[in-house]
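S.K.: Take a look at the following structure, please.
The values are calculated or read from the model by the stated rules, or taken from the named source; none is laboratory data. Given the structure is predicted, the values throughout are model-derived calculations rather than measurements. Note: ideal-geometry Cβ built from the backbone for every residue, glycine included; neighbour counts use all protein chains shown.
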Amino acid sequence: MNRSLKPLIEMGAYEAHTHRFVESKKRRYDMGENGFLEYFCKHWPTFSRYRWIDHLEGITEHGCFNRPQSFGKLHPQAHRHCPLALDFVKKLFLGQAADGLQWELLDFVQHPKEIQEAGFEYYHDIFPILCDFGLNDWRLSWQQYYRIENGQLVILVDVA
């Protein structure tokens, strides 16, 4: 197995188990498989987005992201982009803007007014970041790595 998959797989399993535990405590009954399913439906996409940012910034290499030369491409010391524009794109991508919505690639194209109001020019500041960012490369199917069976989360890949 690609050793760079291990952090993502183990972290994802930990998050899924934690979600099931916390939500079961809130509801005062064991959610079982539904706790895992709820995590993967509600939180896996955001989890994947954060891991993609970690990968692009050179924090943790995740082998599941197969885009060539993507690891560390947006490291702060690379000086490829305006730091404020990069921060702006990351916040919108991660849903950290005031409205809490996570922007997709098309959202950046469809909202030039918001980009301009933030003090950026789309083609000069934002577009080059989006080209490096690969906003669709972060999409990971959790079913590729996990299966839920008899109330347990089973990891499908070897993380030894």
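S.K.: Answer with yes or no whether residue 132 is surrounded by 13 or more Cβ atoms within 10 Å (Cβ to Cβ) and outside the structural domain of residue 33 (by TED's automatic domain parsing).
M.R.: The answer is yes for residue 132.
Yes/no matrix, rows are residues, columns are (1) in contact with a Ser or Thr (Cβ under 8 Å, 6 or more places away or on another chain); (2) of a type in the set (A, V, I, L, M, F, W, C); (3) at pLDDT 90 or above:
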{"residue": "72", "(1), (2), (3)": "no, no, no"}
{"residue": "85", "(1), (2), (3)": "no, yes, yes"}
{"residue": "96", "(1), (2), (3)": "no, no, no"}
{"residue": "125", "(1), (2), (3)": "no, no, yes"}
{"residue": "133", "(1), (2), (3)": "no, yes, no"}
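S.K.: In the range 128-160, what residues are of a type in the set (A, V, I, L, M, F, W, C), more than 20 Å from residue 85 (Cβ to Cβ) and touching a residue at least 40 places away in the same chain (Cβ under 8 Å)?
M.R.: The initial filter retains those residues of the range 128-160 that are of a type in the set (A, V, I, L, M, F, W, C), namely 129-131, 133, 135, 138, 140, 142, 148, 153-157, 159-160.
If we keep only those that are more than 20 Å from residue 85 (Cβ to Cβ) too, we end up with 140, 142, 148, 153-157, 159-160.
Once the filter is applied, which keeps residues that are of a type in the set (A, V, I, L, M, F, W, C), more than 20 Å from residue 85 (Cβ to Cβ) and touching a residue at least 40 places away in the same chain (Cβ under 8 Å), the range 128-160 yields 140, 142, 148, 153, 155, 157, 159, 160.
S.K.: Kindly check whether there is at least one residue in the range 55-64 that is assigned by TED's automatic domain parsing to the domain that holds residue 6, surrounded by 16 or more Cβ atoms within 10 Å (Cβ to Cβ), in a helix (DSSP H, G or I) and without any contact (Cβ under 8 Å) to a residue 60 or more places away in the chain.
M.R.: Looking for residues that are assigned by TED's automatic domain parsing to the domain that holds residue 6, surrounded by 16 or more Cβ atoms within 10 Å (Cβ to Cβ), in a helix (DSSP H, G or I) and without any contact (Cβ under 8 Å) to a residue 60 or more places away in the chain, one finds at least one in the range 55-64, hence yes.
S.K.: Which condition from (1) assigned by TED's automatic domain parsing to the domain that holds residue 34; (2) in a helix (DSSP H, G or I) is the one that residue 85 breaks?
M.R.: (1)
S.K.: What about residue 72, is it out of contact with any Cys (no Cβ under 8 Å at 6 or more places or on another chain), surrounded by 15 or more Cβ atoms within 10 Å (Cβ to Cβ) and within 25 Å of residue 129 (Cβ to Cβ)?
M.R.: In short, no.
S.K.: All but one of (1) surrounded by fewer than 19 Cβ atoms within 10 Å (Cβ to Cβ); (2) more than 16 Å from the chain's Cα centre (by Cα) hold for residue 36; which doesn't?
M.R.: Looking at each condition in turn, residue 36 falls short on (1).
S.K.: Quick check: is even one residue across the range 102-120 in contact (Cβ under 8 Å) with a residue 40 or more places away in the chain, farther than 20 Å from residue 64 by Cβ and in contact with a His (Cβ under 9 Å, 6 or more places away or on another chain)?
M.R.: In the first step, residues of the range 102-120 are kept if they are in contact (Cβ under 8 Å) with a residue 40 or more places away in the chain; the result is 102.
Pick out the ones that are also farther than 20 Å from residue 64 by Cβ and you get none.
Taking every residue of the range 102-120 in turn, none turns out to be in contact (Cβ under 8 Å) with a residue 40 or more places away in the chain, farther than 20 Å from residue 64 by Cβ and in contact with a His (Cβ under 9 Å, 6 or more places away or on another chain).
S.K.: Now, a different point. How about the range 1-54: which of its residues are over 26 Å from residue 101 (Cα atoms), modelled with pLDDT of 90 or more and not in a helix (DSSP H, G or I)?
M.R.: 28, 29, 30, 31, 32
S.K.: Could you check residue 98 against (1) part of a loop (DSSP other than H, G, I, E, B); (2) surrounded by 14 or more Cβ atoms within 10 Å (Cβ to Cβ); (3) of a type outside the set (D, E, K, R) and say which number it fails?
M.R.: Of the numbered conditions (1) part of a loop (DSSP other than H, G, I, E, B); (2) surrounded by 14 or more Cβ atoms within 10 Å (Cβ to Cβ); (3) of a type outside the set (D, E, K, R), the odd one out for residue 98 is (2).
S.K.: Being in a loop (DSSP other than H, G, I, E, B) and either under 20 Å from the mean Cα position of the chain (by Cα) or loosely packed, with under 11 Cβ neighbours inside 10 Å (or both) is the filter here; which residues of the range 143-155 pass it?
M.R.: 145, 150
S.K.: Look at the range 123-135 and say how many of its residues are in a helix (DSSP H, G or I) and under 23 Å from the mean Cα position of the chain (by Cα).
M.R.: Residues that pass the stated criteria total 9.
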